[in-house]
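Working notes, structure below.
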Amino acid sequence: MTGSEHVGFQSLTTEHHDVTPDIEGSIPAWLSGTLLRNGPGRFEAGGQRVNHWFDGLAMLRRYAFDDGELRYSNRFLRTEAYSDAMAGRLTGQFGTDTRGWRRILDTLRSFGLPDPTDNANVHVARLDGEFVALTEAPRRVAFDPQTLETRGEFAFDDDLTEHITAAHLVVDPTHDETVGFATQFGLSPQYHIYRVPAGGREREVIASLDARGPAYIHDCSVTDSHVVLVESPLTLSVLRALNPLSEGAIDMLEWSPEEPTRLLVVDRSSGELVADPTFEATFCFHHVNAYCEDGDVVVDLIEFPDSDIVGSLSLDELDGQGFPDVPAGELQRYRIDPAANTVDRTPLYVGGMELPRVPRGRTGRPYRYAYGQATDRDGANGLVKVDCETGQATEWWEQGVYVEEPIPIQRPAGTAEDDGVVVATALDVDRERTLLLVFDAETLTVEARAVLPHAEPFGFHGRFFPDVVPE
Ligand SMILES: [Fe+2]
């Protein structure tokens, strides 16, 4: 199979270490720290191309800021999946027929131990002092945040059973802990919601909830007192995956629009399920944020009307037309009344939004501004800032420039929520280069545009670590 016509889905083979890109404009001198991003970097092995964007080989990206300067590195994770690819064997996990999910399916039949892929290409986190690459298969890979060298597999010090796990972990700055969840298959499937106390690697189970389906759940959110999951009727069907024509986990997914979506609100202290209201079938990958207000639990999500977004991200769809003609994600606010077990939904932005982020210090607390990728502009993906109090949106986009996940970073001495910058990588298809853009977080004016030495394939998620300064 040939590669994509769109540079954002073409494989990269070069690795750079600590290069200093040219910068147009200037990066604020106060911006200090390192953005570490993860995503697929290579889509072929042995003459075969993976089927789904989610299946490319994990490649880490490092953008280190210090006193107005930027240093850039990229490096593939040296995993078993990487070794297999170098030997001409393609392995994947989501939409590609490979050993990872086959082994999980074998596990479902035997209820034994899984042996899933280690191609951890979705996200990064810091756990017990280690920097760790994450995916939805329960294997994690540690790496050096300066050199990006692979340090080896990271294992939690517990015996939690997980067949599919969350690559999105919520780092709560006020509780000094990280919250995540995992799904356990079996006769009575369950979602295990857990916390990892700072400085430890033993997960403490907050709650184990009976799962319907179980559903494919990608993300969660926290308030000061709760953890929130969204259980859509996109379920993981073992029977479908056992079909001999199955291509991988994507064929496990079954959309049942006649079934409702259920919000699961769990008390973080007691583990009690305090509310589980239902509403019409919708799907979401990403939570924006959540918080408590006047006894209600407010949860903001990027919502899709159905699960078509999952299939639209297959490379068959993406290769032909460039960036996907995907359904538009909408920023929706859900206000849950736990006493009545009801939920009200209010749209905040319906212009097409994904990969949402809020400033780190606002996680789980009342907040005003949500930033995200503005999807499906005319030959572009832009940046959008939504004022969740007024519903007003500020947008930036430029023809041929595809903004990836934006990271808002507050100025340390600032007081306003949007006093700071938004940092985002963006693929400039005319230059065939990825850019690192630094925006004013208040106005979305571009303050700096750094030109990287190559075009990166589109990545997924990253995290900014203010205390990781370039050595
Ligand atoms: Fe995600």
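The values are calculated or read from the model by the stated rules, or taken from the named source; none is laboratory data. Model, not experiment: these values are computed from the prediction. Please note: Cβ atoms are built from the backbone with ideal geometry, for glycine as well, and neighbour counts cover all protein chains shown.
Quick notes
- Selection count where residues are among the basic types (Lys, Arg) and either part of a loop (DSSP other than H, G, I, E, B) or away from the ligand (no atom under 16 Å from the Cβ) (or both), scope the stretch 449-468: 1
- Among the residues here, Ala133 qualifies as outside any loop (DSSP other than H, G, I, E, B) and within 16 Å of the ligand (Cβ to nearest atom).
- Residues of the stretch 114-130 that are more than 16 Å from the ligand (Cβ to nearest atom) and either modelled with pLDDT of 65 or more or buried (at least 18 other Cβ atoms within 10 Å of the Cβ) (or both): Pro114, Pro116, Thr117, Asp118, Arg126, Leu127, Asp128, Gly129, Glu130.
- Looking across the stretch 196-226 at every residue that is more than 16 Å from the ligand (Cβ to nearest atom) and hydroxyl-bearing (Ser, Thr, Tyr), the one that is surrounded by the fewest Cβ atoms within 10 Å (Cβ to Cβ) is identified as Ser225.
- When the test is whether a residue is modelled with pLDDT under 95 and within 16 Å of the ligand (Cβ to nearest atom), Phe111 does not pass it.
- Qualifying positions in the stretch 355-375 - within 16 Å of the ligand (Cβ to nearest atom) and at pLDDT 95 or above: Leu355, Pro356, Arg357, Val358, Thr363, Ala370, Tyr371, Gly372, Gln373
- Residue among His175, His192 that is of a type outside the set (S, T, N, Q), in contact with a strand residue (DSSP E or B) (Cβ under 6 Å, 6 or more places away or on another chain) and more than 16 Å from the ligand (Cβ to nearest atom): His192
- Here Glu395 meets each of (1) of a type in the set (D, E, K, R); (2) within 16 Å of the ligand (Cβ to nearest atom); (3) free of Cβ contacts under 8 Å to residues at least 60 places away in the same chain with one exception, condition (2).
- Looking across Leu160, Leu148, one residue alone is buried (at least 21 other Cβ atoms within 10 Å of the Cβ) and part of a loop (DSSP other than H, G, I, E, B). It is Leu148.
- Residue ID - nearest to the ligand (Cβ to nearest atom), chosen from residues in the stretch 136-172 that are polar (S, T, N, Q) and at pLDDT below 95: Thr165
- Those strands (runs of 3 or more DSSP E) of the stretch 1-77 in which at least 3 residues are under 24 Å from Glu153 (Cα atoms) and in contact with a strand residue (DSSP E or B) (Cβ under 6 Å, 6 or more places away or on another chain), considering only elements entirely within it, cover 33-42, 57-66, 69-76.
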